[in-house]
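Below you'll find the structure, written out as structure tokens, and then a few comments.
The values are calculated or read from the model by the stated rules, or taken from the named source; none is laboratory data. All figures in this text were calculated on a predicted structure; none of them were measured in a lab. Using ideal geometry, Cβ is built from the backbone for each residue, glycine included, and neighbour counts are taken over all protein chains shown.
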Amino acid sequence: MKKIDIAVFVLGILTFLAISLSLYMAFIYTPLERTMGAVQKIFYFHLPLAWIGFLAFFIVFLGGVLYLITGSIKWDNLAYSSAEIGVVFSTLVLITGSIWAKRAWNTWWTWDPRLTTMLILWMIYVGYIMMRNAVDNVERRAKISAVIGIAGFVDVPIVFMAIRWWRTMHPLLITSKGMGLAPSMLTALFVSLGSFTLLYVYLLLIRVRLGLAMNIAEEIKIRLSDKL
Amino acid sequence: MKSLWYLFSAYTIIWFLIWSYTMWIGRKQTRLFKEIERLKTLMAKHDLSE
Amino acid sequence: MRYFKKVLAITVKDLLLEAHTKELTPAMLVFSLIVIVIFNFSFEPGMQNSDIITPGILWIAFVFAGMLGLARSFAEEHEQESIRGLMLAPVDHSAIYLGKTLSNLVFLFCVEIISVLAFGIFFNINIFPILPGLAVVLGLATPGFVAVGTLYAAMASNIRLREILLPVLLFPIIVPVLIAAVKITGSVLQGQPLSDVSGWLNLLAAYDGIFIIVGVLTFEYVIEE
């Protein structure tokens, strides 16, 4: 086994342990919330999922910028891998948010700024993936992806501002008075944030490696067909 | 009690989706390995090993 | 200064072409009017709070009509293969972007002005007292939409499924413009002063500025022969 294989393996084990710990923290360690009951426990995973969603889309933006500067296809690979993971995680944010909303506000969907911003983000990056399937030229695809990744991420704060002025209903967790959470809940939240970040890094790593290997295989195939 | 059901379904969906995504990556990887094996035999057959 | 002359040259080229063929703008205009009329059918005539819905109808019509224009904005170049000549011209590629954006803007403004007049007639609204307010919102919201739209149209100009992908990619990005424009138009239609919606106006101005910069910086990567 190469060094990188061992690193991926160890990271996988660590991620598994961290996720197990955060599951324990969320279900057993923290007390039951008084008004909302058990459904409040979704929150320990909902918020980290949202954080990973934003982080993943930020990496898409970063990968796009680096690709346009350096022209190296590996940055495009990073951006695309991150977009894919970001779409998976933001889908989960929407679903868990929806389940929470059904219990808390008795409706599957509310047009509140964070939920709606997430939905718009989700649409932008689903479009990004659809576009990638429609372009065959590797270089052109990378360039278009980079520009969409940049424009999409730049748009996020503006979308958020616009929708916040438009309507608001989400529970405000971080207010001027400080966090509205018990200390044990806060610990569980941070453990969960950390372990989901690990999960993201792990998934990104295996996805990026797969993408690189696929690029190399593609190159070999082209060279072979030239020779034969 | 109803609250627990909501919680349960949310967690099931989360882990199901992340699990299937990981499996999907794994499947792609297996296919790639097979492809590389094929290329290797092809290269050996035509004595093109670089 | 020289740079802006080049930008204007590209804009004038497009406007002259349109003046000769008269293909795009009439089609956009008819489409915009059809959208306004069609949407009208989906609501009860003489509805109580129609002034809540009408700004939305107006902007949906503009966005759809604009989408038609944008989708065609690079089609001519690709069909006639004149895009290569345009790219070989001794100008920075961002000048092509600005020139194209400007010509698309002129087309859409023409469509919007006539649509607003028709809209006033259809919905029985006396638009003349609120014309300055409408001019401000059209003048601020349209450039942002067209700036992103021209960039995306250049990207989509020669990929598969472009007719589908252009709206799929573009609509989510322009959500802020749509929200702000609808809010401001609603307030203008109710005769409120523009100072009530200064926050929205700032948002539109910021959007315009940001996306024109993004377009200028990234256009050279997406334009292709």
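Numbers below:
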| quantity | calculated |
| --- | --- |
| Every residue from the range C:163-178 that is buried (at least 20 other Cβ atoms within 10 Å of the Cβ) and in a helix (DSSP H, G or I) | C:LEU165, C:LEU166, C:LEU169, C:LEU170, C:PRO172, C:ILE173, C:VAL175, C:PRO176, C:VAL177 |
| Qualifying residue in the range A:77-86 (condition: surrounded by fewer than 19 Cβ atoms within 10 Å (Cβ to Cβ), in a helix (DSSP H, G or I) and either at pLDDT 95 or above or at the interface with another protein chain (Cβ under 10 Å from one of its Cβ atoms) (or both)) | no |
| Those residues of the range A:87-124 which are more than 9 Å from every other protein chain (Cβ to nearest Cβ), part of a helix (DSSP H, G or I) and among the aromatic types (Phe, Trp, Tyr), in sequence order | A:TRP105 |
| Any hit, the range A:132-144, residues being in contact (Cβ under 8 Å) with a residue 12 or more places away in the chain, farther than 29 Å from A:ASP76 by Cβ and buried (at least 19 other Cβ atoms within 10 Å of the Cβ) | no |
| Which listed residue, of C:LEU102, C:LEU138, C:LEU117, C:LEU108, is in contact with a Gly (Cβ under 6 Å, 6 or more places away or on another chain) and either closer than 23 Å to C:LEU204 by Cβ or buried (at least 20 other Cβ atoms within 10 Å of the Cβ) (or both) | C:LEU108 |
| The range B:23-32 - residue that is more than 7 Å from every other protein chain (Cβ to nearest Cβ) and surrounded by 12 or more Cβ atoms within 10 Å (Cβ to Cβ) and, of those, nearest to A:ILE220 (Cα to Cα) | B:GLY26 |
| Tally, over the range C:184-224, of residues that are more than 11 Å from chain A (Cβ to nearest Cβ) and more than 21 Å from C:LEU105 (Cβ to Cβ) | 11 |
| Boolean, C:ASN158 is more than 7 Å from every other protein chain (Cβ to nearest Cβ), under 25 Å from C:SER73 (Cβ atoms) and part of a loop (DSSP other than H, G, I, E, B) | yes |
| Residue within the range C:142-155 that is surrounded by fewer than 17 Cβ atoms within 10 Å (Cβ to Cβ), among the aliphatic types (A, V, I, L, M), at negative phi and touching a helix residue (DSSP H, G or I) at 6+ places or on another chain (Cβ under 7 Å) present | no |
| Residues that are of a type in the set (Val, Ile, Thr) and within 27 Å of A:ASN137 (Cβ to Cβ), drawn from the range C:199-212 | none |
| Residues of the range A:14-32 classified as over 17 Å from A:LEU204 (Cβ atoms), assigned to a helix (DSSP H, G or I) and of a type in the set (A, V, I, L, M, F, W, C), total | 7 |
| Flag if C:VAL91 is in contact (Cβ under 8 Å) with a residue 24 or more places away in the chain and either assigned to a helix (DSSP H, G or I) or surrounded by fewer than 18 Cβ atoms within 10 Å (Cβ to Cβ) (or both) | no |
